[in-house]
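Presented below is the structure to which this report refers.
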Amino acid sequence: MSKRTVKIFSIFVAVAIVGSLFIYFFRGYGDRLVSSFISEITICGNIVDEESCQEKNFCEGIYGPSCPGCEDLEFKRCQRVPLNALVQMEEEKVLCQDTGGEWYTNKLGNFCLCQQAGLNKIFDKELGCINK
């Protein structure tokens, strides 16, 4: 092999190693960028499937009675959660989990269940799970 071939191969290997290290360390950042981009281009109103709507943390399902006078709830449509409400919900979720509660989501909304933190506990939006 000539010296030129060895130099070119060495440069190629060095670039491959640096590229692999870059990908390894910044993969999480890239995933967040992709997730952020998808959330910006996704129009929640176009989602007609309840499961698809629930999978997106920036969308929420709207439920209502299946017929006039009925008391059951069915999925009606999907809509985007306002950014300020999304930030507040994330802060409440972290506070709930940090104070021993369990974050729960269902058709009626998002809740912090404090029973695991102890008896007679309720969720306060500023303090977390506290005594009644």
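The values are calculated or read from the model by the stated rules, or taken from the named source; none is laboratory data. Since this is a predicted model, take the numbers as computed values, not measurements. With ideal geometry, Cβ positions are generated from the backbone for all residues, glycine too; neighbour counts draw on all protein chains shown.
In this structure, does Lys93 turn out to be in a helix (DSSP H, G or I), of a type in the set (Lys, Arg) and in contact with a strand residue (DSSP E or B) (Cβ under 8 Å, 6 or more places away or on another chain)?
Judged against the criteria, Lys93 is a match.
So how many residues does the stretch 1-39 have that are over 30 Å from Phe58 (Cβ atoms) and either among the β-branched types (Val, Ile, Thr) or surrounded by 10 or more Cβ atoms within 10 Å (Cβ to Cβ) (or both)?
17
Only one of Ser20, Ser36 is free of Cβ contacts under 8 Å to residues at least 24 places away in the same chain, of a type outside the set (D, E, K, R) and farther than 24 Å from Asn84 by Cα. Can you tell me which?
Sole residue among the options that is free of Cβ contacts under 8 Å to residues at least 24 places away in the same chain, of a type outside the set (D, E, K, R) and farther than 24 Å from Asn84 by Cα: Ser20.
Restricting to the stretch 4-47, and then to whatever is of a type in the set (D, E, K, R) and at pLDDT 85 or above, can you tell me which residue is nearest to Cys78 (Cα to Cα)?
So, considering only residues that are of a type in the set (D, E, K, R) and at pLDDT 85 or above, the one nearest to Cys78 (Cα to Cα) is Lys7.
Working only within the stretch 96-131, note down all residues that are farther than 24 Å from Gly61 by Cα and assigned to a helix (DSSP H, G or I).
If the condition is that a residue be farther than 24 Å from Gly61 by Cα and assigned to a helix (DSSP H, G or I), then Asp98, Gln115, Gln116, Ala117 are the ones that fit.
Hey, could you check the stretch 47-61 for residues that are surrounded by 12 or more Cβ atoms within 10 Å (Cβ to Cβ) and of a type in the set (A, V, I, L, M, F, W, C) and say which is nearest to Ser35 (Cα to Cα)?
Ranking the candidates gives Phe58 first.
Those residues that are exposed (fewer than 14 other Cβ atoms within 10 Å of the Cβ), closer than 30 Å to Val48 by Cβ and not polar (S, T, N, Q), I need them from the stretch 78-132; list them, please.
Within the stretch 78-132, Pro82, Leu83, Ala85, Val87, Glu90, Tyr104, Lys107, Leu108, Gly109 meet the criteria.
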